[in-house]
Amino acid sequence: MTLRGTNQESGRPYNRRIVLEAIRLNGPVTRADIAKRVSLTVQTVSTIVRELEEQGYILSVREEPRGRGIPPSVLTINPQGGYVAGIHLTPLGIDAALVDLNGNIVESAYRTAPNVAPDLAFQLIGELVSELRAGGSKRILGAGMALPGPFGIDSMSFIGATTMAGWKDVPLKERLAEAADLPAFIDTDMACAALGEQLYGIGSQFSNYYYLYFGVGLGGAMVHDGAVMRGGWGNAGEIGHIPAVPDGEPCPCGNSGCLERYLSLDAFNRRGVSQQMWAEEIRPIFHNAVRTIENLLDPQTIVLGGLAPPDLIEKLVASAGLPNSVAARKDRKHPRLVMASDCQNSVLRGAAALAVSSLLSPRFGQMFSTPDEKGIAA
């Protein structure tokens, strides 16, 4: 990802985020190196760094001398400079975690709440955030929540495998802000998983990859140049509703043969067989999905993760005989399929990153916004 500051006076908040992002990506790093990387003067960078040090967001450390002269101080993100509440709402329950500025989960909590209604969900979220706060006098910057998509589609939102009655037209962002008493940000679980993997997992090795999110339903997100592609209304990546089997199993969306009817935790649980048997049964459908993603988007790799048990995801990633596609190149440096670094926590980390994106990452802060302001992250 290319970071570049601006010399316009109105760009001061942007430059602040640029400098923070450069430190996060490259630290420990000197002021002079930051200035070179983001095309700002050393004086401008030094002024911003002084402010950020005073506010506790970064640390300045003097390295040990290696020769004559005093070595320059280097800068790193201060993990304890701030914390964010990450929340993951699923048809099974609610996960919550307190995440530091380096993406480490320092506190976590959970509530079982199958297909929970909005009022109870936000009551539970308030309780969970209170539990996270009880761990000490930490500076909590905001709350980010991930939940099943797509958003704003009458025939597809909160139905089928992700049935959650009563969530239509709920002002998600406002309700979260009220329940958590914090600045609030909302996005789909698949987009949050991709963001979490990009910031803190194997996704950081790639500039272009597709995150295939294996949850109760099925979704995905394309990461391009380090940012999640959102689409016109924030719903890009809903691969679960592409046709996979002609005249196949009816889907609650109104179509038939949709991919998530065969490839999802819901599909696995309905089938009621062993992981090994199920992985073999759905391998042709899974491979067709991989080929479709590769031919449409040409990613460097497909990262498979989500709520499914890690050993089940591992079986799918290891399945042999991938069909031919534009990804079948002799000069590949990485496998066509890789397993996510942290399947169970990438969504929580990504949800937390939503809340700090405006502070730490100008690119992510811009990408996680949509024309529809009904609670989607902005």
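The values are calculated or read from the model by the stated rules, or taken from the named source; none is laboratory data. Computed from a predicted structure; not experimentally measured. Don't worry about glycine lacking a Cβ; one is built from the backbone with ideal geometry, like all the others, and counts go over all protein chains shown.
Quick look at the values:
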{"read-out": "The one condition in (1) part of a helix (DSSP H, G or I); (2) over 15 Å from residue 356 (Cα atoms) that residue 18 fails to fulfil", "value": "(2)"}
{"read-out": "Top-ranked residue in segment 187-206 [being outside any helix (DSSP H, G or I) and of a type outside the set (A, V, I, L, M, F, W, C); ranked as surrounded by the most Cβ atoms within 10 Å (Cβ to Cβ)]", "value": "187"}
{"read-out": "Given (1) among the charged types (D, E, K, R); (2) on the phi < 0 side of the Ramachandran plot; (3) touching a residue at least 24 places away in the same chain (Cβ under 8 Å), number of the condition residue 270 does not satisfy", "value": "(3)"}
{"read-out": "Selection count, segment 137-181, where residues are at pLDDT below 70 and either on the phi > 0 side of the Ramachandran plot or touching a strand residue (DSSP E or B) at 6+ places or on another chain (Cβ under 6 Å) (or both)", "value": "3"}
{"read-out": "Complete set of residues in segment 253-290 that are buried (at least 17 other Cβ atoms within 10 Å of the Cβ) and assigned to a loop (DSSP other than H, G, I, E, B)", "value": "253, 257, 262, 263, 264, 282"}
{"read-out": "Selection count where residues are under 17 Å from residue 321 (Cβ atoms), buried (at least 21 other Cβ atoms within 10 Å of the Cβ) and touching a helix residue (DSSP H, G or I) at 6+ places or on another chain (Cβ under 9 Å), scope segment 291-305", "value": "3"}
{"read-out": "The one condition in (1) assigned to a loop (DSSP other than H, G, I, E, B); (2) at pLDDT below 90 that residue 366 fails to fulfil", "value": "(1)"}
{"read-out": "Answer residue from segment 182-218, given it is among the polar types (S, T, N, Q) and in contact with a strand residue (DSSP E or B) (Cβ under 6 Å, 6 or more places away or on another chain) and is farthest from residue 352 (Cα to Cα) among those", "value": "208"}
{"read-out": "Enumeration of residues in segment 291-314 that are within 13 Å of residue 214 (Cα to Cα) and assigned to a helix (DSSP H, G or I)", "value": "310, 311, 312, 313, 314"}
{"read-out": "Index of the failed condition, residue 232 passing every other in (1) at pLDDT below 90; (2) under 22 Å from residue 348 (Cβ atoms); (3) surrounded by fewer than 16 Cβ atoms within 10 Å (Cβ to Cβ)", "value": "(2)"}
{"read-out": "Selection within segment 211-240 - outside any loop (DSSP other than H, G, I, E, B) and farther than 22 Å from residue 279 by Cβ", "value": "221, 222, 223, 224, 227, 228"}
{"read-out": "Flag for residue 246 being surrounded by fewer than 20 Cβ atoms within 10 Å (Cβ to Cβ) and in the same structural domain as residue 312 (by TED's automatic domain parsing)", "value": "yes"}
{"read-out": "Residue in segment 207-221 that is modelled with the highest pLDDT, counting only those that are buried (at least 24 other Cβ atoms within 10 Å of the Cβ) and of a type in the set (A, V, I, L, M)", "value": "212"}
{"read-out": "In segment 2-35, the residues that are loosely packed, with under 13 Cβ neighbours inside 10 Å and either closer than 18 Å to residue 225 by Cα or modelled with pLDDT of 90 or more (or both)", "value": "2, 4, 32"}
{"read-out": "Residue match in segment 75-95 (condition: β-branched (Val, Ile, Thr), outside the structural domain of residue 306 (by TED's automatic domain parsing) and surrounded by fewer than 16 Cβ atoms within 10 Å (Cβ to Cβ))", "value": "no"}
{"read-out": "Filtered residue count, segment 280-335, keeping only those that are closer than 20 Å to residue 224 by Cβ and either among the polar types (S, T, N, Q) or not assigned by TED's automatic domain parsing to the domain that holds residue 267 (or both)", "value": "5"}
